[in-house]
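Enquirer: Next up is a structure, given as structure tokens.
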Amino acid sequence: MAEFIPVANTRSASGVPTGKLALYWLLCSEIVIFGGVLASYLMHRLAHPEFGLQAAHTNVYAGTINTFVLLTSSLMAVLAHSAAEHGDGKKAAKYLWFTIAGALMFLCIKAAEWTSEIQHGYTITSSPFWSFYYTAAGIHASHVIAGALVMLWVIQSAKKNKYLYRVENVGLYWHFVDIVWIFLFPLLYIAK
Amino acid sequence: MIESLVPSGSTFAGDIDGLFVLICVIVGVFFFATLGMFLWMLVRFRARDGVPAQYITGNEPHLKTWITTPHAIIILCDVLLIVGALRVWYNVKQHMPEDVEVIGVVGQQWAWTFVHAGPDGKIDTSDDIAVIDEMHVQVDKEYVFRLESVDVLHSFSVPTWRLKQDAVPGRVILGWFEATLTGEFGIQCAEMCGIGHGIMGARLFVETAEEHAAWMAQAGGTSS
Amino acid sequence: MNAPAHGHDHVHDDGGHHHHHEMTFVEKYIFPTDHKYIGKQYLLTGMLMAVFGGFFAYAFRMQLAWPGSDIPLFGHMSPAEYNAAVTNHGTIMIFWVAMPVLIAAFGNFLIPLMVGADDMVFPRLNRLSYQIFLVSAIVIVASLFVPGGGFGGAWTAYPPLSGDSAYNLTPLGSSLWLVAVALEFVAFLVGGINFIVTAMNARAPGMKWTDVPMVVWMICIASILFMASVGPLMAGAVMLLFDQTLHTGFFDPRQGGDPILWQHLFWFFGHPEVYVVLLPATGMVAEVVAVHSRKKLFGYKTILFTAVGTGVLSFFVWAHHQFIAGIDPRMANIFTITTVLISIPIAEMMFLYIATLYGGSIRFTTPMLWALGFIFAFLIGGVTGIPLGASGADIYLHDSYFVIAHFHFTFFPIAFIGTFTGLTHWFPKMFGRMMNETLGKIHFWGTIIAVHCLFLPMFVLGLAGHHRRIYDYTNFPELSTPFLTNIGIFATVSLLVLLAFQFVFVFNFFYSMFKGPVAEANPWKAGSLEWQCPSPPPHGNFGEHLPTVYRGPYEYSVPGRDKDYWPQSEPA
Ligand code: HEA
Ligand code: HEA
Ligand code: CUA
Ligand SMILES: [Cu+2]
């Protein structure tokens, strides 16, 4: 069965392409989810100065490296987009592979970090700080995984030079995931 | 209105009842006026043969005033309502009498413990009288209650006093009351607290000074 | 059959249409992507869940009227069962009846038709949304039958009660309940994006934003409200789930958590949520009032602004549910002000609907009766919100039956009266047949009278001090006087009458679906686009030529025309 694309999908009464418009709304809904996590965290943080002491046990180096990894992968997403703009699907796919590699690296560092923390006895039930630490970072990591999976799917069509607009959309999503981390990093690691 | 169903037994019960009446009058007037208009239109503009509907867009000034005028009045009424509500609220919940006897109220699944100050008039001393599911207070005397919970949320509700306050574990919440009516009344838990929520009541005894002293002598002897 | 719109002549030869293909049974009914079928799936699922929600209401009302006695079809009711019944009644009615029927069923069915498109912009995403929803419905029903029983901590699920099975005694029930609610949110986020983007992007050529029918606007505004308010609660749900399963302490004061935080997260969503279900219902009422009084809506743009205004304000009122929950008493003052102010846009909206009747030619058809009944009943629900919003009075009224009466006078009109308004109006379009008017009117009068007899007495109970979620009032001597007991019995009997009249509806609905007289394309002589295609619309809706729009949806009784309606797609 050929893929069914209704005429509705090809219209653009608002002037913004349909896929991108949907993506914007998706990001809006994600922003409020993370907004909820961060607002809850901040309320606790302000009420409990001891959070700062516990935050001292996080691994700032790992966090910094991960920030750097994510920023680099975002750059790759930008390059993929610009390749797609020039109609070069193959190149775009290649850059997306790099982005995925960044995502994997991020997850590996995260896993190593968590393992060592858990071995030192800081588990999700240790204290509200650690609960937030694992929950917030965990929700973020699940977005990293989701983003990587979507990129795999986009690569399949991009390398055949089809649906190149998807490269830009997945890139936008990736930047969002990146920005969330930019908020999480200082709040969880260095807000002492 | 409320006092015909539940006796009004505290100094602020009358304020709350009065506020409720004020609101009922204001919104009642609007409600019935709106309803009257509505029913009139249903009769006046029912479909009749040969009478077509009019073409009205809603921009006609002489029709729009029928919307904007009541609207302006609503804004005025809202201000009135808010002022009334805030005054009562301030009196009941925000202002707090000082240097009065404190009575401890502790909720737990599914009983209330009332810690009465005892003869010395001070709570947290050795002559405190802690009683389960019975609260004894003196009429015409201001008290502060100190509300706590040991497990889940409960809500300390005394309908006769028009008093209600949630008890939150981990927090100590203060409030006040002054009873004006002697007798025995009901206390309920008004926040879902598990399967026993439906039986989590207690009895309230509002006593004259002499009765209260007598109760204290008797209870202080047996407990402790 | 009158065929005012072009495109009609082409319906029967859709062979040339580029995306038409023969659909197998599975494609058409089990995994459809056609928005009309997905809409109907939502409708039927919602109605089925309404039977669950209604059954719970029946069971616990019987218990309240005759405590301790054996309830027919249910048996003896224990306190734990009572709590679970109330909790799941509330949860199911809001999340599995009101939302799927009002937003998803009507949104799916109406939006593409009304904006002149052949489908949603993302048909497969649409199907996914329904599938997630179906799973969530199965999970919530399953949660009632697990060991320990269904969750009984109220639909607000306040921790620490909900977070620790040592307190609630339903370890599995509470987690499944929470998972079901979270899944439902996901389904509506996915569906909502589809609705909004379809209305924004897939409008027919020529359709300006002021040409979009009100109900489409309302469903989209509702979806946006939902999207903007549910996020924090999604985060909260994850946190609560961790509290339940991993024993973290986000909301547990013993571990340094804060139970009131959950209340903020819940009501920051919970209050906008009531307008999420209100707006689609008012949108349908607007359509029906305009069509059946042959009038243009009075002040289209103003109605729109009142809806947006209500939506914006609704984000700033949430703590009126927490006046006495232990928040800082000074905060209550701010929330009293914002809460009372919300009466301004809503009053305006109701006034505009009533003004639409002015100068009309009102036909008391069944859908019109429902729409008028909505306005009447909702006014009662609305004005009784004001004493609750006034902090001083809420000290007494909070968590009493006055609250119950208030919100059933909003929710019943929305979930049932609103649904009946929409269903009776669009039934010909959905199923290609007319419903029986006589049965419809019997159902209307029976329901509207019974529902007032059911909930009006609860105002009295509330003022007399009856609190919510109490399974047996004989434990409280002040509250089980003969007067109050009889009021409770009267309410329960009214419920039985109400339920009996629903059989009239169910019969009418299914009988007409198969045996009703065949409906023409435009039985109500309406102007919006969905009436310009055949009843029921074929796959692809409008045949080969999708319509072009030349005017607004409410051009009724335009002077100087011989017909009293003017279809949006008819060239000038
Ligand atoms: C769709 C459902 C719905 C709707 C539309 C509303 C509408 C409103 N609600 Fe309601 N409400 C609920 C559903 C709804 N509510 C539910 C479910 C609960 C309980 C939750 C729980 O605890 O389980 C609740 C509880 C609730 C409370 C908390 C009570 C408590 O627990 O102590 C409050 C308090 O402020 C409140 C206020 C209001 C107000 C001010 C409106 C306003 O929007 C109403 C505005 C409308 C009008 C005012 C009518 C039209 C105006 C006129 C005719 C003009 C005259 C008016 C004036 C002069 C003011 N509601
Ligand atoms: C949309 C919301 C909604 C609706 C429609 C209803 C409908 C009803 N509700 Fe409910 N109710 C709630 C939401 C709702 N309720 C909530 C949120 C609570 C709070 C829960 C809590 O405290 O946690 C509550 C609590 C609540 C209580 C308080 C219990 C307590 O605190 O102890 C009571 C008591 O009488 C009650 C009664 C009823 C009754 C008799 C109906 C009747 O109107 C029901 C009649 C049923 C039907 C009419 C269904 C028939 C079905 C069909 C005919 C199929 C066709 C269907 C379609 C066309 C859709 N409800
Ligand atoms: Cu304690 Cu309810
Ligand atoms: Cu509210």
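The values are calculated or read from the model by the stated rules, or taken from the named source; none is laboratory data. If you're wondering where the values come from, they're calculated on a predicted model, not measured in any experiment. Methodologically, a virtual Cβ is constructed for each residue, glycine included, from the backbone with ideal geometry; neighbour enumeration extends over all protein chains shown.
Enquirer: Test of understanding: among C:Gly422, C:Gly446, C:Gly465, which residue is crowded, with 22+ Cβ neighbours inside 10 Å and more than 14 Å from every other protein chain (Cβ to nearest Cβ)?
Expert: On inspection, the qualifying residue turns out to be C:Gly422.
Enquirer: Please enumerate the residues belonging to the stretch B:65-89 that are within 8 Å of chain C (Cβ to nearest Cβ), out of contact with any Gly (no Cβ under 6 Å at 6 or more places or on another chain) and either of a type in the set (D, E, K, R) or closer than 16 Å to B:Asp15 by Cα (or both).
Expert: Hits for the stretch B:65-89 are B:Asp78, B:Leu81, B:Ile82, B:Gly84, B:Leu86, B:Arg87.
Enquirer: It is to be established whether one or more residues within the stretch C:66-78 are closer than 20 Å to C:Ile487 by Cβ and modelled with pLDDT of 95 or more.
Expert: No, there is no match, as no residue in the stretch C:66-78 is closer than 20 Å to C:Ile487 by Cβ and modelled with pLDDT of 95 or more.
Enquirer: Have a look at C:Ile334, C:Ile303 and point out the one that is within 15 Å of ligand 4 (Cβ to nearest atom) and of a type in the set (A, V, I, L, M).
Expert: Only one candidate passes the filter, namely C:Ile334.
Enquirer: Filter the stretch C:362-402 down to residues that are within 8 Å of ligand 1 (Cβ to nearest atom) and touching a Pro at 6+ places or on another chain (Cβ under 7 Å) and give me whichever is nearest to the other protein chains (Cβ to nearest Cβ).
Expert: Filtering first and then ranking leaves C:Leu397.
Enquirer: Against the condition more than 7 Å from chain B (Cβ to nearest Cβ), surrounded by fewer than 24 Cβ atoms within 10 Å (Cβ to Cβ) and within 13 Å of C:Ser293 (Cα to Cα), how does C:Thr338 come out, does it pass?
Expert: So C:Thr338 does not fit the description; no.
Enquirer: Just name the residue that is farthest from the other protein chains (Cβ to nearest Cβ) out of those in the stretch C:468-484 that are in a helix (DSSP H, G or I) and in contact (Cβ under 8 Å) with a residue 60 or more places away in the chain.
Expert: Ranking the candidates gives C:Thr474 first.
Enquirer: Quickly run through the stretch C:341-360 and pick out the residues that are facing chain B (nearest Cβ under 7 Å) and in a loop (DSSP other than H, G, I, E, B).
Expert: Residues satisfying the conditions are C:Leu357, C:Tyr358, C:Gly359, C:Gly360.
Enquirer: Something else: Report yes if C:Gly326 is within 16 Å of ligand 3 (Cβ to nearest atom), facing another protein chain (nearest Cβ under 8 Å) and not hydrophobic (A, V, I, L, M, F, W, C), otherwise no.
Expert: In short, yes.
Enquirer: For the stretch B:28-48, how many residues meet the condition of being facing another protein chain (nearest Cβ under 9 Å) and within 32 Å of the chain's Cα centre (by Cα)?
Expert: 5
Enquirer: Quick one: which strands (runs of 3 or more DSSP E) lie wholly within the stretch B:159-209 and hold at least 3 residues that are in contact (Cβ under 8 Å) with a residue 12 or more places away in the chain and within 16 Å of ligand 1 (Cβ to nearest atom)?
Expert: The qualifying strands (runs of 3 or more DSSP E) are B:163-167.
Enquirer: With the checklist (1) facing chain C (nearest Cβ under 8 Å); (2) under 21 Å from C:Asp258 (Cα atoms); (3) aliphatic (A, V, I, L, M) in hand, flag the one item B:Leu163 doesn't pass.
Expert: (2)
Enquirer: Next question, about the same structure. May I ask you to verify whether C:His406 is within 27 Å of B:Arg46 (Cα to Cα), in a helix (DSSP H, G or I) and either within 10 Å of another protein chain (Cβ to nearest Cβ) or touching a residue at least 12 places away in the same chain (Cβ under 8 Å) (or both)?
Expert: No.
Enquirer: Among the numbered criteria (1) touching a Gly at 6+ places or on another chain (Cβ under 9 Å); (2) within 11 Å of another protein chain (Cβ to nearest Cβ), which single criterion is violated by C:Ser143?
Expert: With respect to (1) touching a Gly at 6+ places or on another chain (Cβ under 9 Å); (2) within 11 Å of another protein chain (Cβ to nearest Cβ), C:Ser143 is out only on (2).
Enquirer: Regarding C:Thr87, is this residue touching a Lys or Arg at 6+ places or on another chain (Cβ under 9 Å) and buried (at least 24 other Cβ atoms within 10 Å of the Cβ)?
Expert: yes
Enquirer: Please verify whether the stretch C:305-321 includes one or more residues that are over 21 Å from C:Gly270 (Cβ atoms), part of a helix (DSSP H, G or I), away from ligand 3 (no atom under 16 Å from the Cβ) and more than 8 Å from chain B (Cβ to nearest Cβ).
Expert: Within the stretch C:305-321, one or more residues are over 21 Å from C:Gly270 (Cβ atoms), part of a helix (DSSP H, G or I), away from ligand 3 (no atom under 16 Å from the Cβ) and more than 8 Å from chain B (Cβ to nearest Cβ).
Enquirer: Determine whether B:Lys141 is in contact (Cβ under 8 Å) with a residue 40 or more places away in the chain, more than 14 Å from B:Phe114 (Cβ to Cβ) and among the charged types (D, E, K, R).
Expert: yes
Enquirer: Right, next: Residue pairs, Cβ under 9 Å, 6 or more apart or interchain, first in the stretch C:318-329 and in contact (Cβ under 8 Å) with a residue 24 or more places away in the chain, second part of a loop (DSSP other than H, G, I, E, B) and of a type in the set (Val, Ile, Thr). List them.
Expert: C:Ala319/C:Ile327; C:His321/C:Thr156; C:Ala325/B:Val168; C:Gly326/B:Val168
Enquirer: What's the number of the only condition in (1) more than 7 Å from chain B (Cβ to nearest Cβ); (2) closer than 24 Å to A:Val32 by Cβ that C:His292 fails to meet?
Expert: So C:His292 meets the others, but not (2).
Enquirer: With the requirement that a residue be within 9 Å of another protein chain (Cβ to nearest Cβ) and away from ligand 3 (no atom under 16 Å from the Cβ), what does the stretch B:185-222 give you?
Expert: B:Phe185
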